[in-house]
Amino acid sequence: MSTTPTGSSPGLPVVRGAAAWFVGFVLGSLVNFAGVAAFLAGAGLWVYWVLLVVAVMVGAAAWMSRRARWFGVGLVTGCLAELAIMVFLVLMWSRLAGNAIQ
């Protein structure tokens with residue numbers, strides 16, 4: 001059973017999957033930045049968490065479908081990677097602030 005559609009080149013599905021993953025990853029990162037921007041603009045931290053949870057749920061649903069699988073993987077990966085980066089930055093910033101106070 002071939003995964004290549006009729007009349008297309010053999011590498012095309014791989015390129016489509018990579019492009020879909022990249023679009024999902026960028027969208028996941030933008031969702032995270034939007035949540036941080038909303039929080040810094042004065043909205044509660046709950047706005048950030050709601051955006052993050054909804055984006056991960058949409059990504060997980062897309063991940064389970066055949067057509068949007070790589071987009072979903074990219075969306076979840078983008079959200080979780082940016083969450084890890086934000087947690088790292090907050091922890092480093094609090095540690096540096098604590099060292100400056102002492």
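Where a number appears in this text, it was derived from the coordinates with a stated rule and is not lab data. Keep in mind that what you see is a predicted model, and the values were worked out from it rather than measured. Every residue, glycine among them, receives a Cβ derived from its backbone with ideal geometry; neighbour counts consider all protein chains shown.
Here are some notes:
- For peptides 75-86, 56-67, sequence by mean Cβ density within 10 Å, most packed first: 75-86, 56-67
- Normalised by residue number, the volume inside the convex hull of the Cα atoms of region 32-101 is 74 Å³ per residue.
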